[in-house]
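The values are calculated or read from the model by the stated rules, or taken from the named source; none is laboratory data. All values reported here derive from a predicted model rather than from experimental measurement. Note that each Cβ is placed from the backbone with ideal geometry, even for glycine, and that neighbours are counted across all protein chains shown.
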């Protein structure tokens, strides 16, 4: 796995028990990326990426308990708290036409249909009905619903997203 091809799917937020289980908050919509035998990379800024094979994963409260090969004690597990859990981009299937992974959208420059720059997509959060793009420019922030009626065009090559903002959402 090349480091620049890694996609974050969760974060280690603690340990569980004495056998080295990691408490994980998952960013994935399913537990499929955490299947037994799959490989994960643990990454933290300024430190080398470490790779592990999954021994087991099971739901626990609002997250998962994860057992990784080679992490067999609470002492070793504590060293990984705060690390991101990542998988290789190649492990993801290609998205359907007109759909995108969040990491493809985050960082895009956002423009209105009349060419006015609103900022850059800084984050995305899901709601019950649709995702919402958090667009920031300096200290200014605007929340844009990820709806076909609002998002007119996504051009990954140009690193741009064009929107037709509904009345009342103008900044």
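Assorted remarks:
- Checked across the range 99-109, the condition of being modelled with pLDDT of 95 or more and at negative phi holds for at least one residue.
- Of everything in the range 1-14 that is more than 19 Å from residue 126 (Cα to Cα) and at pLDDT below 95, the residue that is surrounded by the fewest Cβ atoms within 10 Å (Cβ to Cβ) is 4.
- Flag if residue 65 is surrounded by 14 or more Cβ atoms within 10 Å (Cβ to Cβ), in contact (Cβ under 8 Å) with a residue 24 or more places away in the chain and assigned by TED's automatic domain parsing to the domain that holds residue 155: no
- Hits in the range 15-38 - residues which are surrounded by 15 or more Cβ atoms within 10 Å (Cβ to Cβ) and part of a strand (DSSP E or B): 15, 16, 21, 22, 23, 24, 26
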